[in-house]
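Read the figures in this text as sums done on the coordinates, not as results from a lab. The structure presented is a predicted model; accordingly, all values stated were derived computationally and were not measured. All Cβ positions, even for glycine, are placed from backbone atoms using ideal geometry, and neighbour counts span all protein chains on display.
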Number of protein chains: 2
Amino acid sequence: MSLKYAILAALVSKPRTGYELSSKIDSSIGFFWTATHQQIYKELGELSSMKWIRSRQVKQKERPDKKIYRVTSAGQNELAKWILEPPSQPPAKDELLIKIFAGYLVPTKQLMRIFENEIAKHTERLQRYLAIQNEHFANSEKLPDTLRFQYFTLRRGIHFEEGWLKWAVETMSALSKN
Amino acid sequence: MSLKYAILAALVSKPRTGYELSSKIDSSIGFFWTATHQQIYKELGELSSMKWIRSRQVKQKERPDKKIYRVTSAGQNELAKWILEPPSQPPAKDELLIKIFAGYLVPTKQLMRIFENEIAKHTERLQRYLAIQNEHFANSEKLPDTLRFQYFTLRRGIHFEEGWLKWAVETMSALSKN
DNA sequence: GTATTCATGTAAAAAGTTACATGATTAT
DNA sequence: ATAATCATGTAACTTTTTACATGAATAC
């Protein structure tokens, strides 16, 4: 249900194609909602028939035609209404924690190996977020509104990764003490 | 797919009924995987027919009969094997971040109100985790193995909530400056 | 020449949520 | 009296994932 609103939120600041929404799932909206391209095209179809978004076909000579979607005023109203409804808490889904919870069933060394792998991934992600911060939000005072609010979500990502890594270091050190 | 393993991980340390798994979803496994009781009963049925778990019917006079499930050695092997496979990263699903991302569409005061509500929830959750830490993990040195690994996951929860709250305070202060 | 990027979809299967269903006991 | 707890399920629906499908252009 929220995917609709995630798409609206992404489109309201900048009209895009389904392809752009799917591929930039790693940067903007992808940080708080993930979806495959199949799901996105489907939702775009539904949002269109609800008249919450509208598309403009763009012919290209060297590339397949594309449809650029933008939010209608009805769609923007619906989004604003939804924003003020109390958010439902995100469902906890964390494979790694299941693995750690029952981690006494496997040799500690091997468990530490998968842990090290995760640390590498999270470190990389944190670096990526910090790079975005430096590039686009160097002077975080007086940004245009859309960027100001995007920055808050980026900060969430940075806090999350820093907290994750702190926990990982703590846990690794406990694991290494046999 | 992971629900199967979450259930195995919960049952391996202590045999339980479906009802207990569903209701204690708030404490042990519920921290890293949530599911409704319908889903849990369904998975218990599948795990049984796969012979990864086995149940013992217990007749009660004052209560409905119950089935206590425990993990078979085949199930334990499968769980151990799965633990050592590289974990897939958790899908990002965070309604609140969508709302903040497009938060410039609504009056800041009203956005801050839902934010305050979330802060209250997270504060409460952190208190709960800290209480568990004090009650059950006061001397975190030399714990039995099952508890030692459970403690790591609790620590994750504590780190998460602390990081979340730090971010929330930062964001609220930015929002209040106009 | 092989892989990746651009560009959009359909179809089937799996996972998860919501609604419906029952029924006794205990706490307020 | 009413709500909550114990105890287990079926059925329908929605959401998400995986597989299948096409086709040109560009980068390595």
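Quick look at the numbers
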read-out	value
Diffusion coefficient, µm² s⁻¹, Stokes-Einstein with Kirkwood Rh over alpha-carbon pairs of segment B:129-178 at 10 °C and 1.306 mPa s	126 µm²/s
Neighbouring partner chain Cβ atoms per residue of A:74-86, average, 10 Å criterion	4
Rule-of-thumb Rg ratio for segment B:64-151 [Cα; 2.2 N^0.38 Å; N residues]	1.74
Value of Rg to Rh for the protein assembly as shown (Rh from inverse mean 1/r over Cα pairs, i.e. Kirkwood)	1.01
Sequence-distant aspartates and glutamates (8 or more away, or on other chains) whose Cα lies within less than 18 Å of B:K4	A:D94, A:E95, B:E20, B:D26, B:E43, B:E46, B:E78, B:E85
Exam field: B:K177 pseudo-label spacings to other copies (7 Å along Cα-Cβ), nanometres	4.1
Sequence-distant residues sharing a close amide H with A:R16 (under 5 Å, placed H)	A:Y69
Listed pairs B:K42/B:K67; A:K109/B:K14; A:K99/A:K121; A:K51/B:K109 exceeding 20 Å between Cα atoms	A:K109/B:K14; A:K51/B:K109
For segment A:29-46 versus segment A:94-154, the gap between their alpha-carbon centres in whole angstrom	22 Å
Per residue Cα convex hull volume in Å³ - calculated over segment A:28-178	202 Å³
